[in-house]
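Data first, discussion second: the structure below is written as structure tokens.
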């Protein structure tokens with residue numbers, strides 16, 4: 001029997017699997033999770049009542065996601081939004097995105113204006129194309145890398161397995177495997193990349209775990225643990241509008257709430273606390289709140305000395 005799943009975790013898993021094209025049955029999930037069929041029935045009932053598109057499959061026993069028909073307007077609006085995103089990024093990426101978008105929608109006259117907090121990596125366009133080729137063909141790579149804390153030192157990495165190009169907090173990274181480690185290399189510091197003849201196989205568990213990362217401090221070598229934050233009425237709405245990965249939010253009548261989610265590294269939590277100061281704090285595990293308060297004390301002392 002696997003570890004008991006909370007209701008919000010079951011709902012997220014069910015929706016993810018349905019979005020991946022699976023059809024799911026109550027009895028199968030009951031056996032898989034080791035929980036009563038009535039519990040799974042209630043899960044599907046709530047998901048059907050919500051705006052998720054969960055419907056009965058053709059056999060009347062299993063569940064699937066309803067197919068949605070896209071109108072020209074529904075297709076056009078996302079393309080215009082993508083056009084606005086690419087314009088904000090700028091450089092060569094904007095030019096290439098324009099060419100691709102106009103093949104689909106010849107006259108893109110967008111009503112959107114977007115300001116996304118993403119760095120301009122136009123000068124790395126050819127590097128990204130190389131990495132994409134290596135990822136697609138599952139080929140290892142080698143490259144030079146300069147670490148920010150040792151700017152005069154260049155290190156050569158070989159036999160690196162490229163997994164994904166990822167963006168966290170507006171910065172681009174190469175998420176990869178190197179020996180038994182899973183480093184995230186800052187894309188702008190990669191140079192002299194070479195695609196090797198070696199092929200490799202993805203660790204699907206790592207790729208799956210990456211989807212639950214809260215930020216760049218995610219560590220796939222560590223077991224995830226649960227964190228609960230108190231959020232005051234000033235910011236609760238932002239966690240409702242843009243939920244964290246797999247979050248569950250408990251709302252209180254006074255507008256405050258408790259947000260529960262999973263992380264692999266305490267720095268994933270500290271990054272969120274810094275962003276939302278002074279409107280949040282850690283409830284569980286409380287040792288993290290203690291450590292964060294010590295960090296703030298050190299910061300205040302530093303400011304007073306300088």
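Read-outs: derived from the displayed coordinates by stated rules, not from any lab. Just so it is clear, the structure is predicted and the values come from calculations on it, not from any experiment. Neighbour counts run over all protein chains shown; Cβ positions are idealised from the backbone, glycine included.
Quick rundown of the values:
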read-out: For 148, 279, order by how many other beta-carbon atoms lie within 10 Å, fewest first; value: 148, 279
read-out: Rg(Cα)/(2.2 N^0.38 Å) for region 122-210, N = residue count; value: 1.03
read-out: Modelled label reach - residue 291, point 7 Å along Cα→Cβ, region 215-244 residues with backbone N closer than 14 Å; value: 217-219, 222-228
read-out: Residue exposure sequence - 11, 179 - by fewest surrounding Cβ within 10 Å; value: 179, 11
read-out: Computed lengthening from residue 169 to residue 206, 0.36 nm per intervening residue step minus Cα-Cα distance; value: 11.3 nm
read-out: Gain upon complete extension [residue 225, residue 62; 0.36 nm per residue less C-alpha separation]; value: 55.5 nm
read-out: Stretch gain in nm, segment residue 132-residue 38, where the contour uses 0.36 nm per residue and the Cα spacing is subtracted; value: 29.3 nm
read-out: Inter-site label distance for residue 139 and residue 306 at 7 Å from Cα along Cβ, in nm; value: 4.5
read-out: Two-site FRET efficiency, residue 156 against residue 252, from Cβ-Cβ distance with R₀ of 45 Å, rounded to 0.05; value: 0.25
read-out: Order of 287, 40, 35 under a 10 Å beta carbon neighbour criterion, fewest first; value: 287, 35, 40
